[in-house]
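Data block below; observations after.
The values are calculated or read from the model by the stated rules, or taken from the named source; none is laboratory data. What you see is a predicted model, and the numbers here were worked out from it, not measured in a lab. Note that each Cβ is placed from the backbone with ideal geometry, even for glycine, and that neighbours are counted across all protein chains shown.
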């Protein structure tokens, strides 16, 4: 009687097969999955603009606050970055870290770039006429609760400074300042009833609180003047 045929697999093949199965790496995470949540800028810092040295960049210009009053320098821009590595790439002098933000002093003699918001030359945020953009505290438009509104600033030297606030329904609210940064007035019109609204302003720390009727806008000096 013919014997039963048996195939014997060498022991080292079994080990290799087992090892291959155990060692197969899982699929790498996509960049989006590995990316950290959007950086939360601390309330201790006055953040100006939408990116430094250009729109969309990770770093931001930092204005005056209790935490930064001793760090500001007329000859340099104070910039905050989410990490020390990003701060080092700016080529300035790293000063300190505050609430997770690395602060770096960047000399003003560096070439102005769109969106820096420094008012030098005709540098503007790409696709706009603004020298800088930011979100400012606002309330009261058509009964709106306190929140934030998108705003852009146009600095025209001796012609004064205009802060334009974007409101619901494509409405723009223009607020005018003198060249020295002091409040001047609002743009009003008879057609929408704003001409009859009382206008006032007061100082609140390093910001101007401007009122038009029940509308309230808080505009930081650093945003108006660009540091």
Q. Within segment 210-227, how many residues are more than 16 Å from residue 65 (Cβ to Cβ) and not in a loop (DSSP other than H, G, I, E, B)?
A. 6
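For the subset of segment 97-108 comprising residues that are at negative phi and under 19 Å from the mean Cα position of the chain (by Cα), which member is surrounded by the most Cβ atoms within 10 Å (Cβ to Cβ)? Spell out how you get there, then give the answer.
Just the residues of segment 97-108 that are at negative phi, to begin with: 97-98, 101-108.
Within this subset, residues satisfying the condition of being under 19 Å from the mean Cα position of the chain (by Cα) are 97-98, 101-106.
Working: 97: 14, 98: 17, 101: 23, 102: 21, 103: 22, 104: 26, 105: 17, 106: 22.
In this case the residue turns out to be 104.
Looking for something closer than 27 Å to residue 149 by Cα, assigned to a loop (DSSP other than H, G, I, E, B) and modelled with pLDDT of 85 or more - is there at least one such residue anywhere in segment 84-100? Before you say what the answer is, go through the steps one by one.
Taking segment 84-100 as the starting set, the residues that turn out to be closer than 27 Å to residue 149 by Cα are 98-100.
Add one more test, that the residue is assigned to a loop (DSSP other than H, G, I, E, B), and what stays is 99-100.
Remaining after also requiring modelled with pLDDT of 85 or more: 99-100.
Yes - at least one qualifying residue is present in segment 84-100.
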**Q.** Selection from segment 136-156 of residues that are under 18 Å from residue 125 (Cβ atoms) and either crowded, with 17+ Cβ neighbours inside 10 Å or at pLDDT below 90 (or both)
**A.** 136, 149, 151, 152, 153, 154, 155, 156
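Can you work out which of the residues in segment 55-65 that are out of contact with any helix residue (DSSP H, G or I) (no Cβ under 7 Å at 6 or more places or on another chain) and surrounded by 11 or more Cβ atoms within 10 Å (Cβ to Cβ) is modelled with the lowest pLDDT? Break it down into steps so the answer makes sense when it comes.
Applying the first criterion (out of contact with any helix residue (DSSP H, G or I) (no Cβ under 7 Å at 6 or more places or on another chain)) to segment 55-65 yields 55-57, 60-62, 65.
Remaining after also requiring surrounded by 11 or more Cβ atoms within 10 Å (Cβ to Cβ): 55, 57, 60-62, 65.
Details: 55: 64, 57: 78, 60: 86, 61: 85, 62: 89, 65: 87.
This residue is 55.
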